[in-house]
Amino acid sequence: MLLFSLPDFIITEFQAHKAAIILIVIGMIAGLLSQLILPGRGFGILATIGIGVTGAWLGSHFIARYLTFIEDELFRTIAAATVGAMVLSVVINLIRGGEDKDLTHWRDR
């Protein structure tokens with residue numbers, strides 16, 4: 001009986017938290033894209049994911065409604081999340097400064 005209830009529990013919990021899981025996955029994609037697009041100081045992988053998730057939340061609340069030229073909902077969400085992560089990365093880079101701490105020398109090639 002326990003073997004049959006465990007998959008039901010997992011499916012139920014996934015359905016309950018599906019929006020959060022999708023936000024985290026899109027945030028990871030957006031964080032990685034923003035770090036590849038923007039020059040400047042790199043962050044660690046966890047900070048990049050955090051910036052991406054925060055940028056995805058900002059993008060979905062403030063930027064997505066202005067991207068009406070993108071018809072596909074998934075691409076609009078990823079574009080808004082990437083723009084939000086890029087804005088957040090620029091703000092963080094302005095606060096942290098960039099004097100000889102740029103670890104992304106591979107972008108200059």
Would you confirm whether or not segment 93-103 contains a residue that is in contact with a helix residue (DSSP H, G or I) (Cβ under 9 Å, 6 or more places away or on another chain) and either at pLDDT 85 or above or in a helix (DSSP H, G or I) (or both)? no
Qualifying positions in segment 44-83 - β-branched (Val, Ile, Thr) and either exposed (fewer than 11 other Cβ atoms within 10 Å of the Cβ) or assigned to a helix (DSSP H, G or I) (or both): Ile45, Thr48, Ile49, Ile51, Val53, Thr54, Ile63, Thr68, Thr77, Ile78, Thr82, Val83
Taking segment 30-53, which residues are within 12 Å of Thr82 (Cα to Cα) and either aromatic (Phe, Trp, Tyr) or in contact with a helix residue (DSSP H, G or I) (Cβ under 6 Å, 6 or more places away or on another chain) (or both)? Ala30, Gly31, Leu33, Ser34, Gln35, Leu38, Thr48, Ile49, Ile51, Gly52, Val53
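The values are calculated or read from the model by the stated rules, or taken from the named source; none is laboratory data. For clarity, every value in this text was computed on a predicted model and none was experimentally measured. Cβ atoms come from the backbone with ideal geometry, glycine included; neighbour counts cover every protein chain shown.
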